[in-house]
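What follows is a single structure, written as structure tokens, with notes after it.
The values are calculated or read from the model by the stated rules, or taken from the named source; none is laboratory data. Treat the numbers as computed from the prediction; the structure is a model and nothing was measured. Please note: Cβ atoms are built from the backbone with ideal geometry, for glycine as well, and neighbour counts cover all protein chains shown.
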């Protein structure tokens, strides 16, 4: 028996978030397990939207609202601090390289205590990164995050970025 039809019948899709503050990044699509109650759905999607809005704006208050105080990055890159401070440092470093960075949420998938976020980053490399000075070249890459949310905040994150595309656009690697 295939799980695909079973899972498909247990999911409900929305083209826009049901509520949550309007100032937060709005996903193009949200798919929620049908067994998820409205309060849980709201807590999970709001945490994910706050974190995406942090990446979109660089507003540290949004990161602190989205991430649990004991937040753990389960795919921590070498050299990055663990916890909330690591996310803040990563944003600061990347915004120095791409000051007009934007992050849109293509879709959220919500089930249990997890949210999968498909993110799309865009901007122009006009700052410095890895010893290179940008010349205004476009940056356009995707990322996928998996969040475990507890008490309305992201407690854990597993993430993967299209780093080959990003590093090629930054001129750090050549195809």
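Some observations on this one:
- Residue check, residue 61 over 14 Å from the mean Cα position of the chain (by Cα) and either in a loop (DSSP other than H, G, I, E, B) or modelled with pLDDT of 95 or more (or both): yes
- The residues of segment 5-30 that are in contact with a strand residue (DSSP E or B) (Cβ under 9 Å, 6 or more places away or on another chain) and either farther than 29 Å from residue 100 by Cα or at pLDDT below 50 (or both), listed by number, are 7, 10, 11, 12, 13, 14, 15, 16, 17, 18.
- Residues that are in contact (Cβ under 8 Å) with a residue 60 or more places away in the chain and surrounded by 19 or more Cβ atoms within 10 Å (Cβ to Cβ) within segment 44-67 comprise 44, 45, 46, 47, 48, 51, 52, 55, 66, 67, listed in sequence order.
- Residue match in segment 131-139 (condition: modelled with pLDDT of 95 or more, within 26 Å of residue 69 (Cβ to Cβ) and touching a strand residue (DSSP E or B) at 6+ places or on another chain (Cβ under 8 Å)): no
- Condition broken by residue 75, with the remaining ones in (1) touching a residue at least 40 places away in the same chain (Cβ under 8 Å); (2) not in a loop (DSSP other than H, G, I, E, B) satisfied: (2)
- Condition check for residue 171: more than 20 Å from residue 42 (Cβ to Cβ), touching a strand residue (DSSP E or B) at 6+ places or on another chain (Cβ under 6 Å) and part of a loop (DSSP other than H, G, I, E, B): yes
- Every condition in (1) without any contact (Cβ under 8 Å) to a residue 12 or more places away in the chain; (2) in contact with a helix residue (DSSP H, G or I) (Cβ under 7 Å, 6 or more places away or on another chain) holds for residue 108 except the one numbered (1).
- Scanning segment 70-101 for residues that are in contact with a helix residue (DSSP H, G or I) (Cβ under 7 Å, 6 or more places away or on another chain) and surrounded by fewer than 14 Cβ atoms within 10 Å (Cβ to Cβ) yields a single hit, 81.
- Matching option when the condition is touching a helix residue (DSSP H, G or I) at 6+ places or on another chain (Cβ under 8 Å), surrounded by 14 or more Cβ atoms within 10 Å (Cβ to Cβ) and on the phi > 0 side of the Ramachandran plot, among 152, 134: 152
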